[in-house]
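J.: Sharing a structure with you now.
The numbers here are math on the coordinates, done by the rules we state, and not lab data. Since this is a predicted model, take the numbers as computed values, not measurements. Neighbour counts run over all protein chains shown; Cβ positions are idealised from the backbone, glycine included.
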Amino acid sequence: MTQSTFRSLALAASLALMGGGAYAQVRIAYIDPLSGPFANVGEAGLKGFKEAAEILVNQKGGIMGQKLEFTGFDNKGSPQETQIQLKAAIDQGFRFVTLGNGSGAAHSLIDAVNKWNARNPDKTVLFFNYAAVDPTLTGEKCSFWHFRFDANTEMKMEAITNFMENDKKIKKVFIIGQDYAHGHQVAKAAKEMLAKKRKDVKIVGEDLHPIGRVKDFAPYIAKIKASGADTVITGNWGNDLSLLIKAAKDAGLKSRFYTYYAGGLGTPQAMGAAGENQVLQLTEWHMNVPTKNTEKFALDFNKKYPGVWFYYLRVNNMVQMVAQAMNTAKSTDPKAVALALEDMRFQVDTGEVWMRKSDHQAMQPLYISIFSKADGKTVKHDSEGTGYGWKTLATISQRDSQLPTACIMERP
Amino acid sequence: MSPAILNRGRLAVWGGCLALALALPLVLKSGFIISLLCQIGIMAVFSLSYNMLLGQTGLLSFGHAVYYGLGAFATMHLLNAIGKGGGPLTTALLPLAGGLAGMVAGVVLGYVTTRKAGTTFAMITLGIGELVAACSLMFPAVFGGEGGVSGNRVVGKEAFLGFTWGPQVEMYGLIVLWAFACTVAMFALTQTPLGRMANAVRDNPERAEFVGYDTERVRFLMVILSGFFAGIAGGLSALNYEIVTAETLNAHTSGIVLLIAFVGGIGFFYGPIIGAILVTVMQIVIGGMTHAWLLYFGLFFLFMVLVAPGGIASLIAVQRNLWQAGLLGRMLPHYLAVTPPVLVLLTGLVGLIELGYALLSGDAGVGAGDTATRVLGMQLHLGAPGPWLTALAITGIGLILTRWIGGRLGVAWNATLATLYGDKA
Amino acid sequence: MEFVVISLLNGITYGLLLFMLSSGLTLIFSMMGILNFAHASFYMLGAYFAYQISTWTGFWPGLIVAPLLVGAVGALVERYGLRRAHRYGHVAELLFTFGLAFVVEELVHLIWGKTSVDYKIPAELDGTLFSLFDTDFPIYKGFMMLVSVGMLVALYALLTRTRIGLIIQAALTKPDMVEALGHNVPRIFMLVFGGGTALAGLAGVIGGNAFITEPGMAAAVGSIVFVIVVVGGLGSLGGAFIASLLIGCIQTFSVALSISITDVFALVGIALPEGSQVARLTITQLAPVLPYLLMVAILIFRPRGLMGSRES
Amino acid sequence: MSAPAIRIKDLKKNFGASEIIRGVDLDIRRGERHAIIGPNGAGKSTLFHLISARLPITSGAIELKGENVVGLKPFEINRKGLSRSFQITNIFHNLSVFENLRCAVLWSLGYRYSFWQRLASLKDARLRAEQVMEDIGLDKRRDTPAGILSYAEQRALEIGITIASGADVILLDEPTAGMSHSETDDAVELIRRVSEGKTLVMVEHDMGVVFGLADRISVLVYGQIIATDTPAAIRCNAAVQEAYLGTSPHLGNEHD
């Protein structure tokens, strides 16, 4: 309740007509769903940020002697509410915001931040995006005021298809996805890139289903089976992914599933044994990537917050890179911080993260891993207490996931 | 009761409200508050349009967001299509396009839905709402997919009378004007033959048929007109947020507008306005204080359904009637007497819920590992039985006291109401 | 052929589950005139209760106890909530269930968390019942069908062989008459509501582990059961049964049809302009919204539903 | 001579297997006051429901002023100048007495579904509603919600709504049911007054009312008209005597 109490006080303060003031901390507003159906995702993210700020920044001297703090603002997953919460944050003196869940909310926020900065050049705001992966956010809609620390949909597909290029067992591919922008982008990228890299691979089917509305995936599995596909590519997440995998197991479908989101936030639990040796994921990190510090950090985190599993390495990357940018710029002015972040090359546990200047998209090493029985050796840690964990199949270097950008950035 | 006198009084009330609304930003300068007020204005129009169906025509709709959302998308697309060719004046008039879109949607969908009234109507609107919401995600070219459609409300180089609509406070002024115009129009509609026959159809559709009216036609027209105003509200939201996503037309939005209208009071024209203010403020202020706000909200709603189904407006109206009859004095001591036990009960309940939330969901910022949390500003240890027993005891005491004193309130209430309506009848 | 048989099996299994959900809703709606918005919430409660029981005693006791618990909760809701709301009319009742769905979901969040729970299929039922053309048919799906059919038979026996059943049956088609005969006692309402919610609970017990037990599961099926009740016809259990199977099969088979709207129109000789998004939609994409389209069509062409005996 | 106000030919109505109206032939002359009597369950109210299209007919023909009206909706029949009241009070409960009556006159004055005219400015609607309100003696209760009127007042309002539109064929279904003697007397006066110059058809159990008001009487027994004649002739009709004496000892007051 600490932060809630604080927020109600802050709110009371804003109600008492006090504008923003000077604070002895560097504060970042975390605008994400903290109530409603996606609250678990939002809460896990906020815990991650708080923990990362404490351990990776504040315990190491902070930012120019100041503490880095994250404060939650509940946008309830809604693009409109996101804007109201942005206003609330600005009122309370926040100059940095971060958001990750839902490209809708991210689009809303990037628009609102752009407009706010254009209309209030003396009180600019900077937006750190830690998980919204719509390529247009660093493409057509790219903004000087937005930085993305996660690889976008197309980069991830580039990495996946790079991996598939070398797997000559793949002959027939089926693409299934949720019928909305993300699903469309995944399908489009998969088709284009496979056509380039593996002319011999046949796309034997492509299906889109409405998001969150399919209960029984058996008919889709029957179709995949009938198509004879040995590989399935899906951008599905949440229940749409878990149900798909479960239905595949029920029907005895042996194809491999290449996924974006099988690794976290409840999916391993829901998928359970059904995913064994069939489900692959692409992430910037997972528990069984041998790392110096992150493994310990994750274990401590999981112990401290039972039921919340550390998932986002990029949260740690972002916190450290932002802190370094501020320290380098010797300023907490958003524009100065943005300039310092541009072109930054930062060493993390998995290698180098490069923030490309042209579109503000972070480039980082990525891992393809498969859901396997935890054995204490290569699969040292299981995922979400399921007894199954992720086994690395391939590492995609930072360079291999880079794609040209369509971004034409307006710079202040 | 000559119409002229009535209108003069009404004119003063309406004018006063408009002046007050326009003057608010002079006092409340916070950007957050202005955003909140904008939201309230939009929701007021939206929920008033909803009440044209529920309160005035007796049609319970679970798909009203369709009109709102389509209005918003139409406005946004038009805004983008006009682009640089427009100016602040055209922008200010754009919500009208949203209204027309809502109206067209009303013609198409109303044709199907208004064949039935009552529960069947409710189910059909639910189904149609789902259908439209599902389809909206399938056509990214129209609905913008997950990212929605965004635009810039500042168009053209010249200001119109000094307004560009860029600053939020200018947008607020625009919303107030539109909301006021819509409210006047919707009120005027209640005073027309169609508006009155809508009431008649609500009260007794069979009788309405036997005085010459086609009830299906009355419902159909009301859906179309209601779609028009919902569309305007949608258009305002498009201009205000400068982004429209598929969420604006889904079941959640439909549910919220129902909540607002009901909590405010569907039996009174101004009920939904009260609802819009109350619900928006609750959502944002209580939502800012606790993550359990949805639960509080649901419980509050259930409480309203069971105890005050006429909504806040009906509670106000009854008090006013009591006041006019000189009976309010009889009830006041009871109200005062029941307040402390209710507060005790609420404290206990809130304590229990917050403890539960902190323990079971692990509130943000506090790990369940250290099992310490702050409830109502107190540092508590969740593992120990102390806080739980205290909260339970407070709830119990509150419950007993509320039942006891509330019972006496109930007796007095019934007696007073009997006097009030007994005199009248 | 292979595909048809497998799809048919899938469709029937899903349809039977839908029937378990909609039968209770039909009973409640037809008899009490209440559109129980929270019906799917009781389905969810069934799944969570069964999960909780399964963590203590395993799956089988939960199969019996969880629906009974859900029914008891339903009866209490009727007794202390709905009956009070009833005084203010049907709209208030409906709104009460609307709010209830809200509160139940939040309580589930509060008690079991916001992610899915690990409600497993019991080991006895985990495996393959038979293989058909190289596709496995899991034992659990067979079990689901068995329970659904068993419930159908039991319900039929209850309604046609017992006195209370006859009263309920009469109330389905002629509620006024039953009321006039003095049978409209609150106790029957409580019983029907409890019974209806218990059926939803049972569906939850066997649907929860077949699919996923999570707080959004109620919202996911909430509206489809209303569609079934409308399509089947108000007051008709038989209609609900046919509509459930129909919708189960429609959803299954339409997934199989990868043809686009353009192709469909081409079949009847109409050429659609190239390139429009509508024209490019495939039947597969539309599969999950087909039930709603069906409902709209039914309402236009046969407003009383497939087997309905009264108009509203 | 012009066509009768209502002409019914071989009208039948079944509910499932049971025949309720078993071939009714009846002509109601223009301008007459016609009463339909008969024992309970004879189908009197059902006959009204069929004429006014509240229930669909099974077979036969119904003509209103020479025009076939079978298959029309209730509101269409109403617009052709037929208005009816109900045995069970059927009014707009939440609207005031005045609003109830104003609703009843709107269509006939041609305001249809107008949403561009203010009710307050429609002088003719107001005057007409006020006139009817005075006629039915409810002018003191102008702003009272109809739902809280006394029973007799509600019955009066029921009649008021029925006649307000100025329809020239009026069907009254047991207008005095449940009233005390003095209330009944008032109601009879009211009906006599408002039906002046119009065609009136009424179902009534109170024989005092029937024989005091009606020009002609039809007797409906088990779904068939056994006699149609003047009150005097009906009183001595043997078949009527038999039918009535079989079910009730006196041809007198009867309430159900």
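J.: Once you have the Cα-Cα distance between D:LYS123 and D:HIS181, take 0.36 nm times their residue separation minus that, and quote the gain in nm to one decimal.
T.: Stretched fully, the D:LYS123-D:HIS181 segment lengthens by 17.2 nm.
J.: Mind jotting down the distance between the C-alpha centroids of region D:1-42 and region A:81-114, whole Å?
T.: A separation of 74 Å, based on Cα centres.
J.: Calculate the mean, over all residues of peptide B:128-137, of how many other protein chain Cβ atoms lie within 10 angstrom of the residue's Cβ.
T.: Mean inter-chain Cβ contacts per residue within 10 Å come to 6.
J.: Nearest 5 is fine: what % of DSSP beta bridges in the protein assembly as shown come out antiparallel, could you say?
T.: Taking every DSSP beta bridge within the protein assembly as shown, about 50 percent pair in antiparallel fashion.
J.: Would you work out if region B:3-130 is rounded, prolate or oblate? Take a ≥ b ≥ c from the square roots of the eigenvalues of the alpha-carbon gyration tensor; rounded if a/c is under 1.5, else prolate when a/b is larger than b/c, oblate otherwise.
T.: Because a/c hits 1.5 or more and a/b fails to exceed b/c, region B:3-130 counts as oblate.
J.: Report, ordered by chain and residue number, the lysines lying within cross-link reach of B:LYS116, taken as a straight Cα distance under 23 Å and ignoring same-chain residues fewer than 8 apart.
T.: Result set, ordered by chain and number: C:LYS174, D:LYS73.
J.: Calculated FRET efficiency, A:GLN59 and A:ASN120, Cβ-Cβ r, R0 35 Å, to nearest 0.05?
T.: 0.50
J.: Quick query: amide H of A:PHE96 versus all other amide H atoms, modeled in the peptide plane; which residues come in under 5 Å with a sequence gap of 5 or more or a different chain?
T.: A:ALA29, A:LEU126
J.: Given a Förster distance of 30 angstrom, what is the FRET efficiency for B:GLU158 paired with B:LYS29, based on the Cβ-Cβ distance and rounded to 0.05?
T.: With R0 = 30 Å, the Cβ-Cβ based efficiency is 0.65.
J.: Which whole number in µm²/s is D for the protein assembly as shown by Stokes-Einstein, with the Kirkwood Rh taken over Cα pairs at 20 °C and 1.002 mPa s?
T.: Here the translational diffusion coefficient equals 62 µm²/s.
J.: In Å and on Cα atoms, what radius of gyration and Dmax does chain A show?
T.: Rg then Dmax for chain A, in Å: 21.2, 68.
J.: Per residue of A:40-46, how many C-beta atoms from partner chains lie within 10 Å of its own C-beta, taken as a mean?
T.: 4
J.: Related question: Taking the dipole about the Cα centre of region B:17-309, with the C-beta of Lys and Arg at +1 and of Asp and Glu at -1, give me whichever of B:PHE187, B:SER47, B:THR114 is farthest to the positive side.
T.: Going by the charge dipole, the pick is B:PHE187.
J.: Next question, about the same structure. Taking A:LYS123 as the anchor, which lysines have their alpha carbon closer than 17 Å to its alpha carbon, excluding any fewer than eight residues away along the same chain?
T.: Partners within reach: A:LYS87, A:LYS115, A:LYS335, B:LYS29.
J.: At R0 = 30 Å, how high is the FRET efficiency between B:VAL281 and B:VAL184 if r is their beta carbon distance? Nearest 0.05 is fine.
T.: The computed FRET efficiency comes out at 0.80.
J.: Within region B:155-173, list the residues whose amide N lies under 18 Å from a label point set 7 Å along Cα→Cβ of B:LEU89.
T.: Once the point is set 7 Å along Cα→Cβ of B:LEU89, B:155-166 turn out to lie under 18 Å by backbone N, inside region B:155-173.
J.: Let me ask you something else. In whole Å, what is the distance between the alpha-carbon centres of region A:319-374 and region D:93-152?
T.: 74
J.: Further question: Beyond a 26 Å Cα-Cα separation, which of these cross-linked pairs lie in this structure: A:LYS249/A:LYS304; A:LYS168/A:LYS254; A:LYS188/A:LYS254; A:LYS76/A:LYS215?
T.: Beyond 26 Å between Cα atoms: A:LYS249/A:LYS304.
J.: For a paramagnetic label modelled at 7 Å from the Cα of D:ASP229 toward its Cβ, which residues of region D:20-50 fall within the zone defined by backbone nitrogen distances under 19 Å?
T.: D:25-29, D:33-39
J.: Continuing with this model, one more query. Take C:ALA154 and B:LEU315, extend 7 Å from each Cα along the Cα→Cβ direction, and tell me the distance between the two endpoints in nm.
T.: 4.4
J.: Sequence-distant or interchain residues sharing an amide H contact under 5 Å with C:LEU129, placed H: which?
T.: The list, which skips near neighbours in sequence, is C:PHE137, C:ILE139.
J.: Another question, if that's okay. Assuming a ≥ b ≥ c are the square roots of the Cα gyration tensor eigenvalues, decide whether region D:37-122 counts as rounded (a/c under 1.5), prolate (otherwise, with a/b larger than b/c) or oblate.
T.: Oblate shape, in that a/c is at least 1.5 and b/c is the bigger or equal ratio.
J.: Do any cysteines in the protein assembly as shown lack another Cys Cβ under 4.7 Å, and if so which?
T.: Unpaired cysteines in the protein assembly as shown: B:CYS17, B:CYS38, B:CYS135, B:CYS182, C:CYS249, D:CYS103, D:CYS236.
J.: Something else now. Counting only the backbone N, which residues of region A:54-70 are under 12 Å from the spot 7 Å out from the Cα of A:ALA336 toward its beta-carbon?
T.: Taking a point 7 Å out along Cα→Cβ of A:ALA336, the residues of region A:54-70 whose backbone N falls under 12 Å are A:64.
J.: Over the alpha-carbon set of region D:119-189, divide Rg by the Kirkwood Rh and report the Rg/Rh ratio to two decimals.
T.: 0.98
J.: A further question follows. Using amide H atoms built 1.01 Å from N in the peptide plane, name the residues 5+ places from D:VAL201, or on other chains, whose amide H lies under 5 Å from its own.
T.: Correct list: D:HIS34, D:ILE170, D:LEU171, D:LEU172.
J.: Would you please classify the overall shape of chain B from the alpha carbon gyration tensor, given that a ≥ b ≥ c denote the square roots of the eigenvalues, rounded means a/c under 1.5, and beyond that prolate means a/b larger than b/c while oblate covers the rest?
T.: Judged from the Cα gyration tensor, chain B comes out oblate (a/c at least 1.5, b/c at or above a/b).
J.: Quick check: pseudo-label points 7 Å beyond the Cα along Cα→Cβ at C:VAL65 and B:THR419, how many nm apart are they?
T.: Calculated label separation equals 5.6 nm.
J.: Could you work out the mean projected area of the convex hull around the alpha carbons of region C:2-222, in square nanometres to one decimal?
T.: For region C:2-222, averaging the hull's shadow over all directions gives 13.1 nm².
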